[in-house]
Amino acid sequence: MTITTTMIPHSRPSIDQREIRAVTNVLQSGHLAQGAAVERFERGMATYLGLAGGVAVNSGTMALEVALRALGIGPGDEVILPSYVCAAPWQAVQRVGAQACLVDIEPETFQIDAELARAAITSKTRAIIAPHLFGLPADLTALAQLGVPLIEDCAQTLGAMEQGRSVGSVGVLTVCSFYANKLLCAGEGGMVLSRDSELLERARALREYDSAPSLIPQATNLKMTDLQAAIGLAQLNRLPELLERRVSLAREYREALAGTSAILPAVPAGRSHVYYRFIIRIPQTELGSDELSGCLERMERQGVQCRKPVFRSLHRYLGFDGFPASEAAEREALSLPLYPALADEEAAQILIAMRDEWRRE
Ligand SMILES: Cc1ncc(COP(=O)(O)O)c(C=O)c1O
């Protein structure tokens, strides 16, 4: 075992002179608040996804809330979402006063299970929130056939394909996050996108309280600054190269782990993966044993910070039973550092640590 003192963080943004120049230009322009850069970023994202437009806001969480409100969702309505995801989608549903209906995930891909979503539909269901987790698309084909408005949560996935269509191009509304560790980052920020200009107008009216033809009680200040938009635009221009680097690192990780006990990320036929996260499964060898904590500790001792990809499934916070695939993912899933800002030496150190930890059988 190699003992290392420098720690490779689990994630780190990829920032170079392009982002620095873009921010400097905004600072020198004298206009820092929402302005021309935000408009350019909205148009750029909409073009990237082939949609009519976008409404930039201050976070992915608020983008989810705005998407729900734009659809007119509120008290008495139900929204379906997976249990194995961060708390943001559940919190957005709570804030609009609707009921969240949790469903389990596909055991191999970690994505919302479309069949279980179908079974959860009632006369009160008004939307399905489908997060594309870790860089892999959810089963958009099956979800789009359910006849319920689909909100695609692209916080973790951009540029991946499902049956020839890009994630974010299928739902009635698409939501992005530009938080510091995301595929395309701006520090903080989010966006609601759509091909439906009426939904976009409703979303826009919720983003700010000023210059509105009438008072909207739910509207508030959710604006993004031009500083964030400038970073976002620079990252959007670099997105193809950033994703390429992720896919190439993933290829190396796969080769290092082939034939070991670690279970590699599943990529079903017709879907492509952009590896926002490289998630492996650590099979549990004995009943009650905690293999995952051991792996996390040993990798850390080798200078590689790994993480559980989802802190806690929503059903466990809420005390519900009956989510076996989410619980297995919580027990077994481990996320390795994989991002474009990794130096070659860091990637080499991760590969060595991986080969030490998961030996070929
Ligand atoms: C799937 C998913 N949806 C929504 C969000 C919320 O985004 P934000 O952190 O920008 O509020 C996140 C956050 O990380 C996320 O992973």
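Derivation of every value follows stated rules applied to the coordinates shown; laboratory data play no part. These numbers come from a predicted model, not from an experiment. Glycine gets a Cβ as well: all are built from the backbone with ideal geometry, and neighbour counts include every protein chain shown.
A few points about this structure:
- Table column - 3J(HN,Hα) (Hz), region 63-75, Karplus curve with 6.51, -1.76, 1.60, x for Gly and Pro: 4, 5, 5, 4, 4, 5, 5, 4, 7, x, 7, x, x
- The ratio of the alpha-carbon radius of gyration of the chain to the globular-protein estimate 2.2 N^0.38 Å is 1.00.
- Environment charge at Ala269 (Cβ cut-off 13 Å; Lys +1, Arg +1, Asp -1, Glu -1): -2
- Each listed q (0.23 Å⁻¹) maps to a log10 I(q)/I(0) for region 239-357, found by the Debye formula over equal Cα scatterers with no solvent: -1.43.
- Rounded to the nearest 20, the size of the Cβ-charge dipole of the chain about its Cα centre is 560 debye, with Lys and Arg at +1 and Asp and Glu at -1.
- Each Lys or Arg adds one and each Asp or Glu subtracts one; over the other residues with Cβ under 14 Å from the Cβ of Arg245, this totals -2.
- Annotation: amide H of Gly159 within the under-5 Å range of Val167, sequence separation 5 or more or interchain, hydrogens built in the peptide plane.
- Electrostatic tally near Val96: other residues with Cβ closer than 11 Å to its Cβ, Lys and Arg +1, Asp and Glu -1, net +1.
- With neighbours defined as other Cβ atoms within 10 Å of a residue's Cβ, the residues Glu188, Glu244, Glu42 order from fewest to most as Glu244, Glu188, Glu42.
- The loop-placed trypsin sites (Lys or Arg not before Pro) in region 116-145, going by DSSP, that have at most 16 neighbouring Cβ atoms within 10 Å of their Cβ come out as Lys124.
- Neighbour counts of C-beta atoms inside 10 Å place Phe110, Phe178, Phe320 in the sequence Phe320, Phe110, Phe178, starting with the fewest.
- 3J(HN,Hα) from dihedral phi, region 240-249, Karplus parametrisation 6.51/-1.76/1.60, rounded to Hz, x for glycine, proline: x, 6, 5, 5, 4, 4, 4, 5, 6, 5
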